[in-house]
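Let me begin by presenting the structure, written as C-alpha cells, before commenting on it.
None of the figures in this text is laboratory data; all of them are computed from the coordinates on show. All figures in this text were calculated on a predicted structure; none of them were measured in a lab. Note that we place each Cβ from the backbone using ideal geometry, even for glycine, and neighbour counts take in every protein chain shown.
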Amino acid sequence: MKLGEIKERYKAILFGTVVVIGVIGLAYLGNYITGQPVEQGQVRNLQISIVGEDWSIDCTMEETTNNTVYRLLLECSEIYGFEVEGTVWQPYNAVFVDSVNDVENGDGKWWQYYVNGKYGEISSDRKQLFDGDLVEWRFELPRF
Amino acid sequence: MRRIPDVRVKDFNKMGFALALILVGVVGRVLLYKYSNFETVLVVSLLAGTLLGKVYALIVPLATMAISDLAIYTLGFGGHYGIGIIIGLAFFTWTGFLFVGFIGTRLKGKVICITKSIALVTGVGMIATLIFDVWTTVGYWLFFLPHTAGGFGIAFVQLAPFAVYHLMSSLMFIPLVGTIFIYIHENGIPSLNISPIARKSDDERDSTEACPA
C-alpha cells in the first residue's frame, strides 16, 4: 500500500470519527433542549381550565398521577367526554396538540397552555406539574 | 484545491444522475416526514449544484419539493393548513433549497472523491443548513406568529431544537449520500453500464484518492 493511500485512509477514519462524535453531540444537545420525559408521579389539587372561542371547561383533580400538562388534559377529556388529538413528532418524541373538543389549530390560532399564568415553552407532555398548579389551555393567537 | 480539467459531460448521464438525486430527495423526505427536520432534500440540492451545475441546481430542488409536497399533502401528512399558508411556506422552503443549490454551484469543479472534498461539502452543507433554517424561520414568523419584535424573537427561540436536529440530519446525510453520488459522478457504475459524468485524465488521479475506479 502506498504512503498516499495510507494517509487517505487515516483521513477517512478521522473524518468518520468527527462525524460520529458530531452526530452524538447534536443528539444530546437536542435532547437537552427539548426536555426530558416526565416520570409518572402523584400530585394533588390541580386545576385545569380549557378555553375555546365561545366555551370553556373547568376540571379540578384532587389527586392524580397524571402529572404533565398533556396527561392532565387527557384525564379531563375522559371525564367530560370530549376529544383531544395530538401528533407525536420525532425526533423530539414530543406531543403537539392539534385539536381539543373538535376545535382544530388553524388561521394563526393554536392550542397553547399556561401553568400558573406562565406561557408553556416546552411540549405539554414534557411539562411537569406540582401540587396546586393551575393549567390553562387557550385557543388563541400567540401572545408575545 | 485541484480542479478537474477534463470534464466530458453527457447530457443523458446528467439527466439520469439528476433523476437519481430527485428520487433520493423525494423518498427521503416522504419517509422521514414525521422525523421533523430530518430530510434528504438539502443534500441533493447541494450535490446538484456541486456536481451538475446551475441548471440542475434549479431543477433538482424544485422537482424534489414539488413531487414530495404533492405526495405529503395528498397523503394528508401535511396537517390542515389553508392553501395560503401552504403556498407561503412552500415559497420559503423551496427558495431555501434553491439557495442551497446555488451555494453548491460555488463548489463545482472543486469536488473529487477524496476525504478532503467530502469534508468540504459537508462543512459547506452545515453552513447552508443554518442559512436555510434562518430563512425558513422568517417564513414561520410571517405566517404563524404576530409581526412584532416579540414574535420574531420567539420564532428564533423555537428554532433552536429544529436547527440542532437539522444540523444532525445534514451531518448524517451529506457524508453518506455525498460520498455515494460523488463516487458515481466520478466513476460511474460499470456493472450497470453507467459511465461517469466527470472524467479526469489519468495523471490527475493520484494514489491519494479514496474512490479509485
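Return the FRET efficiency for the residue pair A:Tyr32, B:Phe156: r is the Cβ-Cβ distance, R0 is 22 Å, and the value is rounded to the nearest 0.05. Working from the Cβ atoms, E equals 0.75. The calculated pair-distance distribution of chain A uses every alpha carbon pair, bins of 10 angstrom beginning at 0, and gives 10, 34, 25, 10, 8, 7, 5, 1 percent. Stokes-Einstein, applied to the Kirkwood radius of segment A:1-84 over Cα pairs at a viscosity of 1.306 mPa s and 10 °C, places its translational diffusion at 91 µm² s⁻¹.
Compared with the dominant principal axis of the Cα atoms in chain A, helix A:69-80 is inclined by about 40°. Ordering B:Phe156, B:Phe144, B:Phe132 from the fewest to the most neighbouring beta carbons within 10 Å gives B:Phe156, B:Phe144, B:Phe132. Residues A:Cys76, B:Cys113, A:Cys59 in ascending order of nearby Cβ atoms (within 10 Å, fewest first): A:Cys59, B:Cys113, A:Cys76.
Return B:Ile174, A:Ile33 ranked ascending by Cβ neighbour count within 10 Å, so the fewest neighbours appear first.
On the way: B:Ile174 26, A:Ile33 15.
Ranking B:Ile174, A:Ile33 by Cβ neighbours within 10 Å, fewest first, gives A:Ile33, B:Ile174.
Karplus-based coupling profile of segment B:126-139, in residue order and whole Hz: 5, 5, 4, 4, 5, 4, 4, 5, 5, 4, 6, 5, 4, x, with θ = phi - 60° in 6.51 cos²θ - 1.76 cosθ + 1.60 and x standing for Gly or Pro.
By how many nm would the segment from B:Phe91 to B:Val55 lengthen if fully extended, with 0.36 nm per residue of separation less the alpha-carbon distance?
On the way: separation 36, 0.36 × 36 = 12.96 nm, distance 1.91 nm.
Extra length available between B:Phe91 and B:Val55 comes to 11.0 nm.
Which trypsin sites (Lys or Arg not before Pro) in segment B:33-137 sit in a loop by DSSP (not H, G, I, E or B) and have at most 16 other Cβ atoms within 10 Å of their own Cβ? Intermediate values should be presented prior to the final figure.
Numbers: sites: B:Lys34, B:Lys54, B:Arg106, B:Lys108, B:Lys110, B:Lys116; in loops: B:Lys34, B:Arg106, B:Lys108, B:Lys110.
When the trypsin sites (Lys or Arg not before Pro) of segment B:33-137 are filtered for loop state and at most 16 Cβ neighbours within 10 Å, B:Lys34, B:Arg106, B:Lys110 remain.
For segment B:31-159, what class follows from the C-alpha gyration tensor (a ≥ b ≥ c being the square roots of its eigenvalues): rounded when a/c is under 1.5, otherwise prolate if a/b is larger than b/c, else oblate? Prolate is the answer for segment B:31-159, as a/c is 1.5 or above and a/b outweighs b/c.
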